[in-house]
Amino acid sequence: MAENDFNWPVSAQHCIKEGIMTMPSEINPSQPAPLAPQPVAATRILLIEDDSKIAQEVVEELESRGFHVQHEESGAAGLSMGLNAHFDVMVVDRMLPELDGLTLIETLRERKVHVPVLVLSALSAVDDRVSGLKAGGDDYLTKPFAMEELAARLEALLRRPDNSRQTMLRAGPLEMDLIERTVTRAGVPIDLLPREFRLLEYLMRRPNQVLTRNMLLEDVWNYRFIPQTNLVDVHIGKLRRKIDESGKPALIQSIRGAGFMLRVP
Amino acid sequence: MFRNELFRTATFRLTLAVVAAMIGSAALQFFFGYSQASVFEARRSDMLLLREASILQRETPQELEQQVRDRATDDLRILLNVTTLFDSQQHYIVGDLHNWPADLVADGHVHVITPEATGGGSSTVLRMVAVKVPGERYLVLGRSRHMRTELRLMMRHSMLVSIVPTVLFALMTGIVLSHRALSRVKDMHEAIDRIMEGDLHERLPAGKQNDDLQRLAGSVNRMLDRLEQLLDEIRDVGNDIAHDLRTPLARVRARLDRALNADHSAEALRNVISHTIDDLDQSFAIITALLRIGEIENGRRRAGFGTVDLESLVADIIDLYEPIAETKGIALSHVTGDDPPIHVLGDRDLLIEVLANLVDNAIKFTPEGGRVEIRTRMNDGCAMLQIADTGIGIPAGERRAVTGRFYRSDKSRHIPGSGLGLSLVSAILALHHARLDILQSRVHDSLPGATMNIVFPPSGVVQPGN
C-alpha cells in the first residue's frame, strides 16, 4: 500500500517498465547509481520470483550495485536454496508456483533460518501486508515498485539499525541524548520539536544509508499511504534548517530519485 | 416445444397436484362411506335374521315345514337367502341348504359362515342363525352379503361418474391458467433477450394483476434501473479516466516531438525528460489511486478494524501537516468540546488516510493567512469529525459531485492532484458506514470556506467501558 502513490513526488524520476520502475542511468550521469557505500563483495541476495521479466530487471539492477544475486523461479527450488546455502538477505514474491511465498518464509523460520526477508507482492491491502510480516517477513514491498525503493530497503535490512541500549547517538557533529531528549551540534544545543527529534533519531540510527520517503512515512510516522503533497520533504526541510550550520555542507542530503541520507564522514 | 413447456409450468404442476389430491380424497370418501355402510348392513342383517327366527319359532311343526318349503321358492328369498329345517341329529328335512354347516352352533346367535362350511350349499359368505323349534328340530336362517356387494358397486360407480368430469375440468382449468402464465413468462423472456442483446432501456412487461409474477417483474425492473444507473456511472468514469490519462500523455507526446526537432543540448534534453517523467508520474498516480479505490470498494475488508481514538488521530495528523501549513502561513488547530474522549470503530490506517486527504485539500484550497480547524464532538449519539477551512469553498451545486471520481471544480483546475482524493475518502467512509456532508464554513466573508463533516453513526461509536 505504501507504493500506491497518489502524487508521486516530483523529484522521483522513474519510468514504468513492466511493473518495475528503473532509473535510466543516462539521465543522471553525474550521480552513480549505487548511492550508499559499495556493499561488501560477498553480499549475497536470494531472489525468488517467478515473473522472469521482473526478475531480470531486479537481478541486473542489484548486480550493477555490486550485489551477488542468485535467482530461483519456483517456491520449492527457492526453499531448498535458502535452506542449503547462506544468503545475507532474501527477496521473496508472495505468489509463487509450487509453494507460495508466505509458506516458504514460515518454513525457513521453522528451520531456524533467520536471514532477513523482503516480501514482494501485487496485493497491497493492509491485511496482506500484515500477514506478510506475520509469516516472518521483515519488510513488504508492493508491485510496481521503484528500484531505488527496493535497493534502499535491502540496504536497510542488510544494515540493521543500531538498536542497542546506548543512550547517546553520534553522527558527525551531532550528538543525541536519548534520555535527556536533547540534541547538540558541536556542543551547541539545538531545540527540536518531538516530531523533529523522532525523525532525526531515525536518521542518526541509519547514517550514510538511503532512506526513501515511503520508509520515513512508514517508520517515523507509521503511515501506510502516500500523501498528495511532499510532506516528508517539508519535514526534512524544517529539520535541516535547525541542524545545519551555514557555510558547511548539509548533513541531510537529498538523493535524487530515491530519498534522503544523513551523510557523515 | 411450446406444449412441452406448458406441462412444465408451475401452474400446471400445481393443477396436477390438486387433481391428485381430489382423487385421493374421493378414494378416502369411498372407503369410509363403504365401511360405515357395510357395518350398518351387517347389523341390519342380524336383526332381520333374529326377528324372523323368533317369529318362525312360534309356528307349529307342520306350519313351519310349510313355511320353509314356501320360502325356498317365493320372493322373500331376496331377504332371507337360506331357510332350512333340520332334525335333532342335524339331518336335512326341508329347505334350500342340504347340509348342516360345519361351523354353525345352534345357540341363537348369528355366525359368519364361509362357503366351504356349507359344503357347496352356498357360493358366498353367509350370516346364519340356528334356533331350536318345537318337535326337536332346528331351524337355520341365513342371509348372504350380496347387499353389501351391491352397495359397493353402486358407490364405486357413483364415485367414478363424479370424479372423472371433475378431474377433467380441473385439468382443463390448469391448462388454461398455465397457458396464460406461460404467455406472460414468454413476454418476459423476450424482454430479457432484448436486454441481453444490449438494449438496457428495455423493462419487463408490467401487467395489471398484482400477483407474485408481477411483483417479481417489478423487483427485476427496479434492479435493472439500478444497474443501468451504475453502468452509466461506470461509462462516465471510463470517459473521465481516458480524458485524465490522455491529457498528460498528450503533453508528453508534444514535448518529445518538439525535443526531437529542437535544441539537442544535454541540459535541454534533461529538462524535457524531467517534465516527461512528471507527466507520466501523474498518469501513474491516477491509475494507482483508481486501483486503491477499487480495492477498498470491492474488498469490504474490515479485518483491520479496531477502536480508534479520534483525539489521537487528529493529534497525529496535525503533527504530520503542521509544517506544511506553517509554510503556507495557515493556522492548523484541533478544536474539541467538553466531551469525553471519542472512540470510533474503524481502521486507523484508513481513517488517517481520510483525514490526510481532507486536511491536504483544506490547506491546498485555503489562501495564506487562513485557518484550518479539525473539530471533534459528539452529537446525538453520533461522533462528528469536521475539517473546516477558510478557503474558496465548494458551491452548493457541486457538493454532491465532488465525491464522484475525477470531479474537480472549475476553480481548482490549476491545482495539481489526481482528482480522486475525495472518491477515496468516500470509499473509505462507506466502509465505515460513516457519512460525509459538505457544508459552507462561513456566511459573510468573501471566501465561503468548506467544512467537511464526517458523521459516524451511533453503531460505529465505541462507548467508554465497552
Exercise. Given the structure, is residue B:308 under 22 Å from residue B:428 (Cα atoms), outside any helix (DSSP H, G or I), touching a Lys or Arg at 6+ places or on another chain (Cβ under 6 Å) and more than 10 Å from every other protein chain (Cβ to nearest Cβ)?
Worked result: yes
Exercise. Before we move on, is residue A:181 surrounded by fewer than 16 Cβ atoms within 10 Å (Cβ to Cβ) and within 14 Å of another protein chain (Cβ to nearest Cβ)?
Worked result: no
Exercise. What is the number of the single condition among (1) over 50 Å from the mean Cα position of the chain (by Cα); (2) away from every other protein chain (no Cβ under 14 Å); (3) modelled with pLDDT of 80 or more that residue B:320 does not meet?
Worked result: (2)
Seminar exercise, completed: Within the range A:202-218, of all residues that are within 14 Å of chain B (Cβ to nearest Cβ) and farther than 18 Å from residue B:351 by Cα, the one surrounded by the fewest Cβ atoms within 10 Å (Cβ to Cβ) is A:216
Exercise. Do you know which of the residues in the range A:219-229 that are within 9 Å of chain B (Cβ to nearest Cβ) and free of Cβ contacts under 8 Å to residues at least 40 places away in the same chain is surrounded by the fewest Cβ atoms within 10 Å (Cβ to Cβ)?
Worked result: A:222
Exercise. What is the one condition in (1) surrounded by fewer than 16 Cβ atoms within 10 Å (Cβ to Cβ); (2) of a type in the set (S, T, N, Q); (3) closer than 30 Å to residue B:87 by Cβ that residue B:229 does not satisfy?
Worked result: (3)
For this session: Can you tell me which residue among A:92, A:59, A:69 is without any contact (Cβ under 8 Å) to a residue 60 or more places away in the chain, in a helix (DSSP H, G or I), of a type in the set (Val, Ile, Thr) and within 17 Å of residue A:147 (Cα to Cα)?
Result: A:59
Exercise. Across the range A:236-259, what is the total count of residues that are assigned to a helix (DSSP H, G or I) and within 19 Å of the chain's Cα centre (by Cα)?
Worked result: 1
For this session: Would you mind finding the one in B:319, B:339 that is surrounded by fewer than 17 Cβ atoms within 10 Å (Cβ to Cβ) and assigned to a loop (DSSP other than H, G, I, E, B)?
Result: B:339
For this session: From the list A:76, A:41, A:36, A:12, pick out the single residue that is in a loop (DSSP other than H, G, I, E, B), modelled with pLDDT of 50 or more and aliphatic (A, V, I, L, M).
Result: A:41
Seminar exercise, completed: For the range A:230-256 the number of residues that are facing chain B (nearest Cβ under 10 Å), surrounded by fewer than 21 Cβ atoms within 10 Å (Cβ to Cβ) and touching a helix residue (DSSP H, G or I) at 6+ places or on another chain (Cβ under 7 Å) is 2
Exercise. Which ones in the range B:263-286 are loosely packed, with under 15 Cβ neighbours inside 10 Å and modelled with pLDDT under 80?
Worked result: B:263, B:264
For this session: Go through (1) closer than 28 Å to residue B:289 by Cα; (2) surrounded by fewer than 22 Cβ atoms within 10 Å (Cβ to Cβ) one by one and return the number of the condition residue A:265 breaks.
Result: (1)
Exercise. Across the range B:188-217, what is the number of residues that are under 15 Å from residue B:228 (Cβ atoms) and either of a type in the set (Lys, Arg) or in contact with a Gly (Cβ under 7 Å, 6 or more places away or on another chain) (or both)?
Worked result: 2
Problem set entry | Residues that are at pLDDT below 80 and surrounded by fewer than 16 Cβ atoms within 10 Å (Cβ to Cβ), drawn from the range B:73-97 | B:73, B:74, B:75, B:76, B:77, B:78, B:79
Seminar exercise, completed: Every listed condition ((1) within 20 Å of the chain's Cα centre (by Cα); (2) surrounded by fewer than 17 Cβ atoms within 10 Å (Cβ to Cβ); (3) farther than 22 Å from residue A:152 by Cα) holds for residue A:131 save (2)
Exercise. How many residues, within the range A:51-69, are touching a strand residue (DSSP E or B) at 6+ places or on another chain (Cβ under 7 Å) and buried (at least 17 other Cβ atoms within 10 Å of the Cβ)?
Worked result: 9
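The values are calculated or read from the model by the stated rules, or taken from the named source; none is laboratory data. What you are looking at is a predicted structure, and each value in this text was computed from that prediction instead of being measured. Cβ atoms come from the backbone with ideal geometry, glycine included; neighbour counts cover every protein chain shown.
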